[in-house]
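Chemist: Below is the structure I would like to discuss, written out as structure tokens.
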Amino acid sequence: MSTYPDLHLYIDGEFRKTKRDLPVLNPATEEEIGRLPHADTGDLDDALAAAAHGFKAWSQTAPVDRANVLYRAAALMRERQEEIATAITAEHGKPLTQARLEVIRGCEFFEWDAGEATRTYGRVIPSAPGIRYSVHHQPIGTVAAFSPWNFPMSQPCRKVAGAVASGCSIILKASEETPAGALHIARALQDAGLPPGVLNLVFGTPAQISDHLIRDEQVRLVAFTGSTAVGRHLTTLAAQHMTPVLMELGGHAPVIVCEDTDVEAAAMSGAMRKMRNAGQVCTSPTRFFVHESIFDEYVEVFVRRAASTVVGNGTDPNVEMGPLANDRRITALTELVEDAREQGADLRTGGGRLGDKGYFFAPTVLVNVPESARVMQEEPFGPLAILNPVASLEEGIEKANSVPYGLAAYGFTNRADYADRMIEGIEAGNVSINTLEASLPETPFGGVKSSGYGREGGTEGLHNYMITKNISHSFKIV
Ligand code: NAD
């Protein structure tokens, strides 16, 4: 695709190629669309050195000036929306309309954190005469950040915005499978006047890069979005150096559908949202617990809508769902479906790969899935929904809480008391009632339990990137 960018690392304000490069594939066609340079340890050491001087300069830059760089970069990315979205669709597969929205969401993360940069207030603590206690917030230092392949633009935007707004420097390892979004972020920030060294972008072998960066004493925060298994590994590495972490990990979102809800509307919304980004979303609604009195009707509408999802190349304007981003997901989903069926689940639509070119997978609905099936505990991270009946709201809440994850959870009801019981009782960082939206720039996003800790966005978002310093200032020596 002609608008797919020429891929580079970005270190100390310069785009760089390396001796080793590997192909980037289009998951709809399996064709090579670019070659991605991979960093060696020399490149990583250059990035660390650049981040050290980047931090010195940037941490001394006025918050309003930091904000203005982010606002300018966001404006440039808005101008370049079509070029960026086209590249994302080529490397990830999602429909162009969804890629366009993702670019705008990334810009909104920049704009929100730009505003927050100017509001990282400290406080003065009431104290005795002659002494003043106060609290200051300062940027934490160099951040090592790792962003995944499911949202090539908005995921790295979140981490870069947090670090740049706070006055940190950042070394970002974005996804090797979907590098174009991060590259466009680097371009926009360079064009917006970000000084060299503040943002450094690398690609390569993930384990080698994280190991090299996290071991370096200069790195003061590890920020990761991805699977719980990798998050746990990186947290263990960081713990050797007492380095704090920001972890946005997996989810297995429950949806409790109460008997008083509008069944048709709830089922339509569930089926459509499930297939967004081909289900490769950490907040994707997956375990639907539907009151038994409306179960049959809900299943009928849901299955009909899911089965009618238009699947194809994301460049086709009629397509609602593109391919999976890589062939690992095909294998994982196929195994989960087979296991569920062996345990007695009823496969109502989909269940396997579509065609033999491109990583297309059919929208899949499993009904009456036994608790023993692997998919009841393992996040499918694909276009797969589980529909199970429950006899009461209490049973729904108990089942919602029965996995190690706690990222997003959803409820459908018109009753305030039901809504309140879900809001109070569900163990999750985000609970949404009558909407399947869980994350906005202005709201704090993050998980509990094995879904990680720390928050991105909202007024909480910059906390991870800053230290809290307590000041005791006596006006004479005591
Ligand atoms: P994976 O567990 O191998 O990798 C997950 C992510 O971590 C990828 O982006 C990968 O590049 C990165 N990674 C892997 N090992 C790393 C290391 N040692 N250091 C630094 N980064 C490392 O699995 P995968 O096949 O790429 O993705 C599948 C699973 O990942 C899904 O089941 C899903 O649970 C999870 N995932 C979650 C999100 C999210 O938004 N929370 C995004 C993508 C993937």
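The values are calculated or read from the model by the stated rules, or taken from the named source; none is laboratory data. Just so it is clear, the structure is predicted and the values come from calculations on it, not from any experiment. Backbone-built Cβ (ideal geometry, glycine too); neighbour counts: all protein chains shown.
Chemist: Looking at 465, 418, 410, 405, which is the one that is closer than 28 Å to residue 139 by Cα and not acidic (Asp, Glu)?
Modeler: On the way: 418 fails: closer than 28 Å to residue 139 by Cα; 410 fails: closer than 28 Å to residue 139 by Cα; 405 fails: closer than 28 Å to residue 139 by Cα.
Result of the check over 465, 418, 410, 405: 465.
Chemist: Show me the strands (runs of 3 or more DSSP E) entirely contained within the range 116-228 in which 2 or more residues are of a type in the set (A, V, I, L, M), at pLDDT 95 or above and more than 20 Å from the chain's Cα centre (by Cα). Quick ask: steps written out before the conclusion?
Modeler: Details: elements: 123-125, 131-139, 142-146, 169-173, 199-202, 219-225.
Strands (runs of 3 or more DSSP E) meeting the threshold: 123-125, 131-139.
Chemist: In the set 57, 75, 67, which member is buried (at least 20 other Cβ atoms within 10 Å of the Cβ) and part of a helix (DSSP H, G or I)? So that I can check it myself, show each step before the final result.
Modeler: On the way: 57 fails: buried (at least 20 other Cβ atoms within 10 Å of the Cβ); 75 fails: buried (at least 20 other Cβ atoms within 10 Å of the Cβ).
Only one candidate passes the filter, namely 67.
Chemist: What number of residues in the range 337-365 are closer than 19 Å to residue 288 by Cα, free of Cβ contacts under 8 Å to residues at least 60 places away in the same chain, touching a strand residue (DSSP E or B) at 6+ places or on another chain (Cβ under 7 Å) and not small (Gly, Ala, Ser)?
Modeler: 7
Chemist: Considering only residues of the range 366-395 that are free of Cβ contacts under 8 Å to residues at least 40 places away in the same chain and charged (D, E, K, R), which is farthest from the ligand (Cβ to nearest atom)?
Modeler: 394
Chemist: Testing residue 274 on (1) surrounded by fewer than 23 Cβ atoms within 10 Å (Cβ to Cβ); (2) among the charged types (D, E, K, R); (3) within 20 Å of residue 308 (Cα to Cα); (4) in contact (Cβ under 8 Å) with a residue 60 or more places away in the chain, one condition comes back false. Which one is that?
Modeler: (1)
Chemist: Might you let me know whether the range 134-141 holds any residue that is surrounded by fewer than 24 Cβ atoms within 10 Å (Cβ to Cβ), assigned by TED's automatic domain parsing to the domain that holds residue 27 and farther than 18 Å from residue 58 by Cα?
Modeler: For the range 134-141, residues surrounded by fewer than 24 Cβ atoms within 10 Å (Cβ to Cβ), assigned by TED's automatic domain parsing to the domain that holds residue 27 and farther than 18 Å from residue 58 by Cα: present.
Chemist: Determine which member of the set 425, 429 is buried (at least 20 other Cβ atoms within 10 Å of the Cβ) and not assigned by TED's automatic domain parsing to the domain that holds residue 221.
Modeler: Numbers: 425 fails: buried (at least 20 other Cβ atoms within 10 Å of the Cβ).
Step by step, each of 425, 429 is checked, and only 429 is buried (at least 20 other Cβ atoms within 10 Å of the Cβ) and not assigned by TED's automatic domain parsing to the domain that holds residue 221.
Chemist: Keeping to the range 366-385, report how many residues are hydrophobic (A, V, I, L, M, F, W, C) and closer than 15 Å to residue 228 by Cβ. Spell out the reasoning first.
Modeler: Taking the range 366-385 first, the residues hydrophobic (A, V, I, L, M, F, W, C) are 366-367, 369, 373, 375-376, 381, 384-385.
Among the residues that remain, those that are also closer than 15 Å to residue 228 by Cβ are: 381.
Selection size over the range 366-385: 1.
Chemist: Being assigned to a loop (DSSP other than H, G, I, E, B), of a type in the set (A, V, I, L, M) and within 15 Å of the ligand (Cβ to nearest atom) is the filter here; which residues of the range 229-273 pass it?
Modeler: Within the range 229-273, the subset assigned to a loop (DSSP other than H, G, I, E, B) is 240-244, 249-252, 258-262.
From what is left, the residues that are of a type in the set (A, V, I, L, M) are 242, 249.
The one that is assigned to a loop (DSSP other than H, G, I, E, B), of a type in the set (A, V, I, L, M) and within 15 Å of the ligand (Cβ to nearest atom): 249.
Chemist: Does residue 310 count as out of contact with any Pro (no Cβ under 7 Å at 6 or more places or on another chain), in the same structural domain as residue 85 (by TED's automatic domain parsing) and either within 16 Å of the ligand (Cβ to nearest atom) or over 29 Å from residue 158 (Cβ atoms) (or both)?
Modeler: Details: out of contact with any Pro (no Cβ under 7 Å at 6 or more places or on another chain): yes; in the same structural domain as residue 85 (by TED's automatic domain parsing): no; either within 16 Å of the ligand (Cβ to nearest atom) or over 29 Å from residue 158 (Cβ atoms) (or both): yes.
Against the criterion (out of contact with any Pro (no Cβ under 7 Å at 6 or more places or on another chain), in the same structural domain as residue 85 (by TED's automatic domain parsing) and either within 16 Å of the ligand (Cβ to nearest atom) or over 29 Å from residue 158 (Cβ atoms) (or both)), residue 310 does not qualify.
Chemist: Sort out which residues of the range 383-394 are crowded, with 16+ Cβ neighbours inside 10 Å and either in contact with a Gly (Cβ under 6 Å, 6 or more places away or on another chain) or within 18 Å of residue 367 (Cβ to Cβ) (or both), and write them in order of number.
Modeler: Taking the range 383-394 first, the residues crowded, with 16+ Cβ neighbours inside 10 Å are 383-390, 393.
Selection gives 383, 384, 385, 386, 387, 388, 389, 390.
Chemist: Across the range 347-381, what is the total count of residues that are on the phi < 0 side of the Ramachandran plot and either in contact with a helix residue (DSSP H, G or I) (Cβ under 9 Å, 6 or more places away or on another chain) or surrounded by 20 or more Cβ atoms within 10 Å (Cβ to Cβ) (or both)?
Modeler: So in the range 347-381, the residues on the phi < 0 side of the Ramachandran plot come out as 347-349, 352-354, 356-357, 359-367, 369-380.
If we keep only those that are either in contact with a helix residue (DSSP H, G or I) (Cβ under 9 Å, 6 or more places away or on another chain) or surrounded by 20 or more Cβ atoms within 10 Å (Cβ to Cβ) (or both) too, we end up with 347-349, 352-353, 359-367, 369-371, 373-376, 378-380.
The number of residues fulfilling the criteria is 24.
Chemist: Additional query: Given the structure, is residue 269 in contact (Cβ under 8 Å) with a residue 60 or more places away in the chain and of a type in the set (Ser, Thr, Tyr)?
Modeler: Details: in contact (Cβ under 8 Å) with a residue 60 or more places away in the chain: yes; of a type in the set (Ser, Thr, Tyr): yes.
Taking the combined requirement at face value, the residue satisfies it.
Chemist: From the set of residues in the range 148-178 that are among the small types (Gly, Ala, Ser) and touching a strand residue (DSSP E or B) at 6+ places or on another chain (Cβ under 6 Å), which is farthest from the ligand (Cβ to nearest atom)?
Modeler: Looking at residues that are among the small types (Gly, Ala, Ser) and touching a strand residue (DSSP E or B) at 6+ places or on another chain (Cβ under 6 Å), I get 167.
Chemist: Continuing with the same structure: Identify all residues within the range 363-384 that are aliphatic (A, V, I, L, M) and either over 25 Å from residue 305 (Cβ atoms) or in contact with a Phe, Trp or Tyr (Cβ under 6 Å, 6 or more places away or on another chain) (or both); write none if there are none.
Modeler: Pass one, the range 363-384, residues aliphatic (A, V, I, L, M): 365-367, 369, 373, 375-376, 384.
None; the set is empty.
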